[in-house]
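Before any comments, here is the structure.
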Amino acid sequence: MKRKAERQSRILAELEGAPSLRVAELARRMEVSTETIRRDLDEMTARRLLDRTYGGAIRPTGEEPTLSVRHALFIEERQRIAEAAVAQLSGARVIMIGSGATATHVARRIAAEMRDLTVVTHAVGVAQALTINPSIRVILAPGDYHAGEGATVGARTSAFLAGFRADVAVLGASGLGPDGPSDALIDVSSVYEAICAQAAQVMLVADHSKFGQIFPARYAPWSGIDRLVTDRAPEGALAGWLSDARVALNLAPRG
């Protein structure tokens, strides 16, 4: 019993670092049979610890690791996405940036490569990343502080953001589903909606782990997104959704 509990705890830990897991790979890592892993996954699904998929498992729909955990995931991919995103920001004088790990990477790249602009954000990490460049004016939105996201949220945040206009908004997402990008946190999604309303262009920055994932709070339809910057070419249904909405696609350069 103890060994099963330890194995299932490890499965949950593995899911913190990947959006999905395969039965065969779990069996190999834990040196047990695929039948044992399938029984574990079935039991954990019944306990609502994860969701079963054909051949594996994913995190429960609507859940996402905290920002501190996400910062340790897909670092190389996010750095490449940030490079590609900043290449599309030439000429922007006012930029709004949302919260999240990928957005923070974009902010670091902006600080290193751009000058003489204003950035409006509700994310403390984004604001901190920009402070190394004295030519960038940083405006941090007030509101209720969400510790797990490292950002302000709520009605005061959205109302404050409504007082600005941006050339470009840079936003992340928890998932990219059929109706548009969504976020696991409803409060964050509400802020993203406010940001979208104030930007001439909306740029979405998201790595491939978000493809096809659906979370509770959609903050924009695909028709409201102008550009997706990602590390891997979307395929199948997602590629169709983007094409139908005429979302421009930029792929990050290979490392």
Single residue of Val126, Val138 found to be over 25 Å from Pro216 (Cα atoms) and either in contact with a strand residue (DSSP E or B) (Cβ under 8 Å, 6 or more places away or on another chain) or outside any strand (DSSP E or B) (or both)
Val138
Taking into account only those residues within the stretch 166-183 that are part of a strand (DSSP E or B) and not aliphatic (A, V, I, L, M), which is surrounded by the most Cβ atoms within 10 Å (Cβ to Cβ)?
Pro181
Evaluate the stretch 150-168: report whether one residue or more is over 23 Å from Leu89 (Cα atoms) and modelled with pLDDT under 95.
yes
For Asp187, state whether it is out of contact with any Phe, Trp or Tyr (no Cβ under 8 Å at 6 or more places or on another chain) and either β-branched (Val, Ile, Thr) or within 22 Å of Arg156 (Cβ to Cβ) (or both).
yes
May I ask you to verify whether Leu249 is at pLDDT 95 or above, open to solvent by 10 Å² or more (accessible area, probe 1.4 Å) and under 16 Å from Ile81 (Cβ atoms)?
yes
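Per-residue answers, yes or no, for (1) in contact with a strand residue (DSSP E or B) (Cβ under 9 Å, 6 or more places away or on another chain); (2) buried (at least 22 other Cβ atoms within 10 Å of the Cβ); (3) not in a helix (DSSP H, G or I):
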position	(1), (2), (3)
Ile195	yes, yes, no
Phe215	yes, yes, yes
Arg232	yes, no, yes
Ala237	no, no, no
Trp241	yes, no, no
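The values are calculated or read from the model by the stated rules, or taken from the named source; none is laboratory data. These numbers were taken from a predicted model, which means no experiment stands behind them. Methodologically, a virtual Cβ is constructed for each residue, glycine included, from the backbone with ideal geometry; neighbour enumeration extends over all protein chains shown. Keep in mind that these areas ignore ligands, DNA and RNA; they rest on the heavy atoms of the full protein, side chains included. Shrake-Rupley method; radii C 1.70, N 1.55, O 1.52, S 1.80 Å.
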